[in-house]
Amino acid sequence: MLKLGIVFLILILTPLLPAALSKYEAIEPLLQRLDSKRAPPSVQEAAAIGLLKRLLPIHFSSFQFKIVSKDVCGGDSCFLINNHNKSSQNEPEIIIRGTTAVEIASGLHWYLKYWCGAHVSWDKTGGIQTTSIPEPGSLPSLKDEGLKIKRPVPWNYYQNVVTSSYSYVWWNWERWEKELDWMALQGVNLPLAFTGQEAIWQKVFKDFNISSKDLNNFFGGPAFLAWARMGNLHGWGGPLSQNWLDQQLVLQKQIISRMLELGMTPVLPSFSGNVPAALTKIFPSAKITRLGDWNTVDGDPRWCCTYLLDPSDPLFVEIGEAFIRKQIKEYGDVTDIYNCDTFNENSPPTNDPEYISNLGAAVYKGISKGDKDAVWLMQGWLFYSDSSFWKPPQMKALLHSVPFGKMIVLDLFADVKPIWKNSFQFYGTPYIWCMLHNFGGNIEMYGTLDSISSGPVDARVSANSTMVGVGMCMEGIEQNPIVYELMSEMAFRDKKVKVSEWIKSYCHRRYGKVIHQVESAWEILYHTIYNCTDGIADHNHDFIVMFPDWNPSTNSVTGTSNNQKIYLLPPGNRRYLFQETLSDMPQAHLWYPSDDVIKALQLFLAGGKNLAGSLTYRYDLVDLTRQVLSKLANQVYHKAVTSYQKKNIEALQFHSNKFLQLIKDIDVLLASDDNFLLGTWLESAKKLAVNPSEIKQYEWNARTQVTMWFDTNETTQSKLHDYANKFWSGLLESYYLPRASTYFSHLTESLRQNDKFKLIEWRKQWISQSNKWQEGNELYPVKAKGDALTISQALYEKYFQNKLINH
C-alpha cells in the first residue's frame, strides 16, 4: 500500500473560490439543462456497479455507490469517499458518492490509486495493475472525515475528430465498453460521439432525393471517414456497404446509451456544409462551390475537391436542421452540444468581419433550428493553423456571431501553442484547455508533463478567465499512458502538480511495487522524453517509419510537399525538419540528450528481474528500448548518407547494413509484446466484414492508412505517406525494411557505376512494391513471441554497452 504521506504531498486540494461561480454564467443555463437530461440516479448507480464488476469482480461487495445532488458540493460536480460504517462482515467497506456515475467512477479510481496503489491504463499500454489491492475485507481506511474532491471546471472533454479513424475504426462493442469504462475512471464527461453518422446522413440525404448510389463516392472508406466528414476527400477507400452503415448505427446507439447511463454528455456532429456532388444537380441554383485540392498527387476527381454548400444559402439551414432532427429521432434528446468545424482548413472567401459574422450566424442557425437549445462546440485549431487569416477582427466576428453562451471553443493545442493567452480568452467565449499530444496515432515516447501539470491551472486562475473545462484531443490513443493519466487528473486538481513526486507515485502504482532503479529511470525520463519544451509538434519523423524521399547528391528533399495541408498540421509545415545551420539533411525530432535516455534504459533493465510477469513493465521496457534504437537508427542513417556524399562505398554499405539490421532487431523486439503487432490491426478490420469483398476492402483500408495513406502515381508517393506510421512488428519487417533496402541498393549502385542516383527509378520500384503490399492479404501474428526482457537486454548490450563504458 502507498504511504499516505506521499499521497498527501501530491494531493493538495482547496475549495473553489466563490468568485469562480460567476465564470460559468455563460454556460449556467446549459449546465442546468444537461443535468435535467441525466439518467435517473438508480440507472447511473447501476452503471457504476457494472463498471466495478468488470474492473474488480472479487471486490464487487466492497464498495457502495450513491448519486448525490450538486448541493452537497456547493453546486459543483464532485465525489466523496468515506469509510462505510460496517455492522457485519459482509457489508461494504468504502462508500463513494458522486454527482454522476462518472464522478463515482472517478472517486473509485482515485481511491484505488492513492489508497491501494493500483493502476489503470489501456490494455494496449500494459492494462491494469491490481495486485497491490488488498483482499476484500482488508481495504485501507480513510481518515474519519473522508475525502471530498470538486471539479475546478465543469467539463473533461475527450477525443479529436480524427481519433475515430486512427484508433476506433475497427472496434466492436466489447472494445468500446472497455473504453467507456476507462473514460469514466478518468473523469471524462464530455466525449465526442461520432460513430455511425454516415447512416444518419444516408437517411437525411434520401429526403433530399439523393440515392444510396449517389453516396458511394461521397463517403470515404472506413479508415478514412474522418476526412470525408470534414470535406478533405471523398470516395477514397469506399464505398461503404449497407452492412457497414447499419452495423455502425447499432454500435453508436450502444455507445450513446452507455454514455448516458454513466452521466456523460455526448457531443454529436452537425452539418458543416460538406455535400455530395449529386446535390448540385438536384439544387442547381444553390450556392455550392468545389473546394481545392487536399493532398492528392494529381488532383484525381475521384477523391479530390469536395463540394461545400455556402452557409448563407437557405438550403444550408434546411439540411442542418434535418440532420439534427434525424439524430434526435434515432437517439432521443441526449445532448445540446454539437460539433461543427466549417472553417477548419477552409477559410471564408473574404476577411470582411461582417461577412464572417453572418456566416457564423448561419452555421449556428442550421444547428439551432434542429435543437432550439443547441450549443456550438468548435475546434479553435484554425486560429493557430491559419493565423494569417484569423486576425483579432475576424476571430471576434466569428466568436461573437452566435448568442452569448451558445459557443464553446476547444483550445486544441494549449499544451504547446495556447491561443487563450493571446486572444483575450477567446474574446469572452467559453473555452476548454486541451492537450493535443499525438499525431496520426504514431508510437513515440513524448510528453510535456510540466506544461499539462500547470497550464490548466494558470489558465483557470488568470484574469478574466473564460475556461470551462480541460480536454484530451489526441489524434490517436493507446500510447504514453503517463501523459494521459496526469492530464486526466487535471480535471480534478485545482493546484499545480509537483511532477517529480507524482511520478514516484505513478511508478509505484504502475508496477505494484517500489523498484529503485526503475524509479531512477523514470526521473530521467521526466526530465528528457517527457519534458519537451521546444514548441515543435511531435509527429514521429524517425527515418525507419518515415523514410526520407530525397536525392542526397543534391542536398535537397524532393518529392515531398512543402506547403501541403495535413489535418492538424499548420499550412507550410514541412514533412521533415531541417537544421539549416548544421546540415541540409532531413532531421527527425530530437528534444533530449540521447545518452541520458540510454542510461534510463540501463536502469530499467537493471530493475527487470524484480518485475517478471508485469505487463505494464513489459510494455514500458519494449517502448523505451524501441525509442532508443529508433533514435540510434536516425544517426546511422545520417552516417550512411554522408558516406554516399563522400563517395565512400565501404562506409555506405557498413552503415546502411547497420540501419537495416536495426529494423530487423526492432521488429523482433516489438514481436515480444502483444501490443506492438500489425496482425492485431489487420485482424480487427477483417472481423467486421461479412463477406469476401468487405474483407478485401477493409484490409486494404487498414494497410493503406498506416503506410501510403493517400493516392500515388507511378513516380510520386502520396503526399501523406507515413503520416500514420506505426512501430509494429510485421510492418517493420515486411514494409519499412524493403523500402530502406531498395533505397540503399540504388545508392550503392550509383557509386559502383559512378552514375547519378536514380531517384525516380527507386520511386517507381518502391511505389509498385507498396501498392502490392497494400493490396496483399498475407497473415501476421496476433500473439507475442520471445521474452521481452531477454531481447531488450541483448539489444542494449549489442548497441550501447560499449558506448557507456567508453564514456
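The values are calculated or read from the model by the stated rules, or taken from the named source; none is laboratory data. All of these numbers come straight from a predicted model, not from anything done at the bench. Side chains are part of the model used for accessible areas, which takes the heavy atoms of the whole protein and leaves out ligands, DNA and RNA. Shrake-Rupley method; radii C 1.70, N 1.55, O 1.52, S 1.80 Å.
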Item to check | Residue-wise HN-Hα coupling along the stretch 534-550, computed from phi with Karplus coefficients 6.51, -1.76, 1.60 (Hz; x: Gly, Pro) | outcome: 7, x, 8, 5, 8, 9, 4, 10, 4, 5, 5, 9, 10, 6, x, 9, 8
Checklist entry - Which semi-axis lengths, in whole Å and largest first, follow from the square roots of five times the eigenvalues of the Cα gyration tensor of the stretch 594-801? => result 30, 28, 11
Next on the checklist: Give me, ordered by chain and number, the residues 5 or more places off L192 or on other chains with an amide H under 5 Å from its own placed amide H.
Outcome noted: Y158, V267
Next on the checklist: Tell me the label only: which of (1) 43; (2) 39; (3) 56 is percent of Cα pairs over 37 Å apart as calculated from this structure?
Outcome noted: (1)
Item to check | Above-threshold pairs, the threshold being 27 Å between Cα atoms, out of K206/K772; K287/K369; K178/K687 | outcome: K206/K772
Checklist entry - Residue by residue through the stretch 233-241, which ³J(HN,Hα) values in whole Hz follow from phi under the Karplus form 6.51 cos²θ - 1.76 cosθ + 1.60 (θ = phi - 60°), with glycine and proline marked x? => result 8, 8, x, 5, x, x, x, 8, 6
Next on the checklist: From the phi angles alone, apply the Karplus equation (6.51, -1.76, 1.60; θ = phi - 60°) to the stretch 162-170 and give each ³J(HN,Hα) in whole Hz, x where the residue is Gly or Pro.
Outcome noted: 9, 4, 4, 8, 6, 10, 8, 3, 9
Next on the checklist: Translational diffusion coefficient of the stretch 27-150 at 37 °C, 0.692 mPa s, Stokes-Einstein with Kirkwood Rh over Cα pairs, in µm²/s as a whole number.
Outcome noted: 214 µm²/s
Next on the checklist: Less than 28 Å apart at the alpha-carbon level, and either on another chain or at least 8 residues along: which lysines does that give for K143?
Outcome noted: K3, K53, K66, K70, K86, K113, K495, K496, K498, K504, K513
Checklist entry - How much mean residue ellipticity at 222 nm does the chain get from its helices, if each DSSP H run of length 4 or more adds -39500 (n - 2.57) and you divide by all residues, to the nearest 500 deg cm²/dmol? => result -13000 deg cm²/dmol
Item to check | P(r) histogram, all alpha-carbon pairs of the stretch 155-497 included - 10 Å bins from 0, percent | outcome: 5, 26, 36, 26, 7, 1
Checklist entry - Which whole-percent values make up P(r) of the stretch 300-379 when all C-alpha to C-alpha distances are grouped in 5 Å steps starting at zero? => result 3, 14, 23, 23, 17, 12, 6, 2, 0
Checklist entry - Which value, in Å², gives the accessible area per residue of the stretch 72-153 when a 1.4 Å probe is used on the protein heavy atoms? => result 34 Å²
Checklist entry - Taking all pairs of different Cα atoms in the stretch 149-217, averaging 1/r and flipping that mean, what Kirkwood radius in angstroms comes out? => result 14.7 Å
Item to check | Diffusion constant of the stretch 216-270 at 37 °C, which comes from Stokes-Einstein with the Kirkwood Cα-pair radius and 0.692 mPa s, µm²/s | outcome: 264 µm²/s
Item to check | 21 Å Cα-Cα reach of K785 towards lysines, excluding residues that sit fewer than 8 places from it in its own chain | outcome: K124, K609, K664, K726, K798
